[in-house]
1. Restricting to strands (runs of 3 or more DSSP E) lying wholly in the range 1-111: which have 1 or more residues that are outside the structural domain of Val150 (by TED's automatic domain parsing), aliphatic (A, V, I, L, M) and touching a strand residue (DSSP E or B) at 6+ places or on another chain (Cβ under 9 Å)?
2. Scan the range 128-154 residue by residue and report those that are among the hydrophobic types (A, V, I, L, M, F, W, C), in a strand (DSSP E or B) and surrounded by fewer than 17 Cβ atoms within 10 Å (Cβ to Cβ).
3. Only one of Glu231, Glu279 is within 18 Å of Lys208 (Cβ to Cβ) and of a type in the set (D, E, K, R). Can you tell me which?
4. State all residues of the range 155-208 that are farther than 18 Å from Glu66 by Cβ, in a loop (DSSP other than H, G, I, E, B) and touching a strand residue (DSSP E or B) at 6+ places or on another chain (Cβ under 6 Å); if no residue qualifies, say none.
5. Only residues in the range 7-31 that are closer than 11 Å to Met42 by Cα count as the first member; pair them with residues that are part of a loop (DSSP other than H, G, I, E, B), Cβ under 6 angstrom, at least 6 apart or cross-chain, and list the lot.
6. When the range 142-167 is examined, which residues are found to be under 12 Å from Ile105 (Cβ atoms) and in contact with a Ser or Thr (Cβ under 7 Å, 6 or more places away or on another chain)?
Amino acid sequence: MATINATVYDTVAAAEAALDALDSSIVAEVEAFEDRGVTKWMVVVHPPMQHISKLGYNPDVDAAKEDLWSVGGLYVWPTAEMGMEIVSSSADDAAEGTGARTVKIWYLDDAFVEKTETITLTGVTPVATVATDIYRINRFKVMTVGSGGVAAGDIDIRNIGDTPIYSRVVAGETESRDIPYTVPAGKLLNISQVTYSVGGAKTGVFGKYTLKSTYDQISGAVGTIFYPISEIGVQDGAFTITYVTPIQIPAGADLIVSIQSGATNADAVCTIQYRGWLE
């Protein structure tokens, strides 16, 4: 999406002069258009964009509906701001360990303001966050490692009472594969492409994916009910959807993808990646 300078210029030189007068951090260009057979020029200003890519992974999906995140089962959203704790299943994920040493969380408070915190791990002993205003976890990532180069165990960020878990970096990885996401304040999420895949040791494995959000596209309101935006079935393979017009989700809306297989013991391995940008 672009916003257009309201001034119309009679010459390209005048439009280029207006473009040159803009701050160098602004991305803009001169575009010509026809007005009653006469060529005019305007300055088109492109809003700043932050590219985004989110991964989701669930290693064991059967007939019961689950969400696409590494822990499996249904995701539980926090209902209020809180402090959380981070803990690993391995003692090697620690300040002097061979696995992950520090991790970083990108989170939102209940005003949906984006914040970050970096935490030094202490292995199987939980370490509390300094922040006590965590309302949504949008990303969870390993920042420094020992000789192993990856997380030695499953690293969870969870409620101080041990449960529920809000995000996980799986052993052997460096970033969470958790699709739950909330659009930060002042931002608009544009999803331009989604890739779904399903497979496993068995053949004929089917997965029904439902991309849904608390944004009601009909009323334009953000609430608490999840409404489906897109739904697709995939069997023994992968499928990519590229949207000519991106799916747009406004600030404060939650986004998640649920998955359901066609059999009780399907043991389906399901993944998703969506790409787009924030503006």
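The values are calculated or read from the model by the stated rules, or taken from the named source; none is laboratory data. Keep in mind the model is a prediction, meaning the values are calculated, not measured. Virtual Cβ from ideal backbone geometry, glycine too; neighbours counted across all protein chains shown.
1. Of the strands (runs of 3 or more DSSP E) lying wholly inside the range 1-111, those with at least 1 residues that are outside the structural domain of Val150 (by TED's automatic domain parsing), aliphatic (A, V, I, L, M) and touching a strand residue (DSSP E or B) at 6+ places or on another chain (Cβ under 9 Å) span 27-35, 38-46, 50-61.
2. Ala128, Met143
3. Only one candidate qualifies: Glu231.
4. Ile160, Thr174, Val183, Pro184, Lys187
5. Ala28/Leu22
6. Of everything in the range 142-167, those that are under 12 Å from Ile105 (Cβ atoms) and in contact with a Ser or Thr (Cβ under 7 Å, 6 or more places away or on another chain) turn out to be Val142, Met143, Ile155, Ile157, Ser167.
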